[in-house]
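Have a look at the structure below before the remarks.
The values are calculated or read from the model by the stated rules, or taken from the named source; none is laboratory data. Just so it is clear, the model here is predicted, and its values are computed rather than measured. Ideal geometry is used to build each Cβ from the backbone, glycine not excepted, and the neighbour counts take in all protein chains shown. The protein model used for the area step is the full one, side chains on, heavy atoms only, and it has no ligands, DNA or RNA in it. Shrake-Rupley method; radii C 1.70, N 1.55, O 1.52, S 1.80 Å.
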Amino acid sequence: MKQLSPTQAIVIVAAIQFVYILDFIMLLPLGPDLARALAFPSDKLGWLAAAYTAAAVVSGLLSVRLLDRFDRRSVLLLAFGAVGLCTLAATFASNLTTLMLARGLTGLCGGPAIALGMAIIIDSTPPERRGRAIGKVMLGFSMAVIVGVPLALELARWGGWRLPFYAVAALAALVWLLAAWRLPSLRAHLEQPRKQPVSARSLLAQPAVRAACLVQALSQFSAFLVIPQFSAYLLLNLGFPRERLGMLYFAGGVTALVTVQLLGRLADRAGPLPAAAIASLAFCAGLAPFFDLGAMPLVLPFILFMAGNAGRNVTLAALTSQVPAPHERAGFMSLQNIVQDLAITAAAVASSLMLGETVDGRLTGMSVIALLSAVMAVAVLCALPRLRRPLVVAVST
C-alpha cells in the first residue's frame, strides 16, 4: 500500500487549508463591497460569518461520531468537493438572506474537511515535530492572506463581487484533483484498538479534552469579536483607501507567515507558554486603532493583530495536538472545530448586536468590542498554565 509521507501530507493539507481559509476570510474584507452590491447594512456583516460557522457546528455534531470510522481519504474528498460546489453557489445570491444560505452550505461541508486534514497531519507526524508541521500547514492561512485576499479584492474591483467566488471554486477543483491523485487510502486509525465508540460525550469525559476546548473557545471568541468588522471599520471610520486594502492584507499576511514559523519552532523547543505570551501581546497591541487614539499609522497595528492571532493559533494547536489517541484524532479535531465555530458564531453575533451605524455609514461601539477582545485574549494566556496540567497528564497516560 502506498504510504503518505509527512511532506506530502503537509503540502496537500496546506493547500486544502488555503482554499478553506480564503473562502472564509475573503468575505470579511469584501464585506463593504457585498453590502453595497446586495443593499444591506454594514453592521450586519457579522451575520455572514455566523451563518458559515453555525452550519459548520451542525456538520461537526453530525460527523464527530463518524469521521474516525471511515477511510480518511474518501471522506475528505467528498467533503472538500462539496466545499467547491457550495462556493460556486454563492455567486447566485441576490440579497443578504440568499448569501447567508450559500455561506451556510459551505460551512456545512468545510468543517469535516478541515478536521480530517488536521487528523491526517497528526497521524503522519511524530509528537516532537508537530509544532513545526502544524506551522507549515498554517502557511495555508498566511498565503490566503498574503496572496488570496489581495487578489480577491482586486478581482472584485475589476469584475464585481462574484468574480472572487468563481476563482476560489476553480482553485478548489484543482486542489481536489491533487488530493485525489496523491492521497493513498488512509485506514491505519481503523486498526487501533478502541475501548468505546468515539463520540462527543466520550471525548468530553476526558479532562484534557475539556481543557483544550475551553482554550480554543476563548481564543476564537476574542479574535472574532473584531475580525468581521476590521475592514469595514478601516474604510468607513478611519478613511483607509479601498484601493490600498489589498496591500494592507498582504503586509499582515507576510508578517503572519514569518510569525507562525518562528513561534511553531519556539513552541517545540521551549513549550507553548512563551510563544503564546508573545503572540497575545502582539494581538492586543493590534487592537489600538479601535480606541480612537488620533492620527496613527494603521499598517503596524494591523500586522501586529494578524501576526498575533496566527501565532496564538499555531501555539494552541501544538499544545492540544497531543491530547487524542490515534483512533480519536479526527473525532477530536471535529470536536475542536465545533467549539471553534460555536465561539466564532457567538462572537460574530455578539459584535453585530453591539455595533451601531450612523447615518453616514460609520460604525459605532467598536472600542467596547475591542476592549472585550483584549480582556478575553489575556484570559486565554492566564488559563494556559492551569490548563496545560491536564494535557500533560493525558499525554503521560
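What the table shows:
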| read-out | value |
| --- | --- |
| Test: residue in region 126-137 that is modelled with pLDDT of 75 or more and in a helix (DSSP H, G or I) | no |
| Cross-chain or 6+ apart pairs with Cβ under 9 Å, region 155-184 first and closer than 15 Å to Val83 by Cα and open to solvent by 30 Å² or more (accessible area, probe 1.4 Å), then among the polar types (S, T, N, Q) and assigned to a helix (DSSP H, G or I) | Tyr166/Thr87; Tyr166/Thr91 |
| Region 267-314, residues that are closer than 17 Å to Leu384 by Cβ and of a type in the set (Phe, Trp, Tyr) | Phe283 |
| Residues (surrounded by fewer than 24 Cβ atoms within 10 Å (Cβ to Cβ) and over 19 Å from Leu235 (Cβ atoms)) located in region 283-313 | Cys284, Ala285, Leu304, Asn313 |
| Residues (open to solvent by less than 40 Å² (accessible area, probe 1.4 Å) and part of a strand (DSSP E or B)) located in region 358-382 | Leu363 |
| Residue in region 241-254 that is farthest from Val299 (Cα to Cα), counting only those that are more than 17 Å from the chain's Cα centre (by Cα) and buried (at least 21 other Cβ atoms within 10 Å of the Cβ) | Leu245 |
| Of all residues in region 251-280 being among the aliphatic types (A, V, I, L, M) and free of Cβ contacts under 8 Å to residues at least 60 places away in the same chain, the one that is farthest from Thr315 (Cα to Cα) | Ala251 |
| Complete set of residues in region 352-370 that are touching a residue at least 60 places away in the same chain (Cβ under 8 Å) and not β-branched (Val, Ile, Thr) | Ser352, Leu355, Gly356, Glu357, Gly361, Arg362, Leu363, Met366, Ser367, Ala370 |
| Residue pairs meeting the criteria (Cβ under 6 Å; at least 6 apart or on separate chains; first open to solvent by less than 60 Å² (accessible area, probe 1.4 Å), in region 94-111; second not in a helix (DSSP H, G or I)) | Leu96/Phe40; Leu99/Ala93; Ala102/Ala93 |
| Selection count where residues are under 16 Å from Ala90 (Cβ atoms) and in contact (Cβ under 8 Å) with a residue 60 or more places away in the chain, scope region 36-51 | 7 |
| Test result for Val215, more than 28 Å from Lys44 (Cα to Cα) and modelled with pLDDT of 80 or more | no |
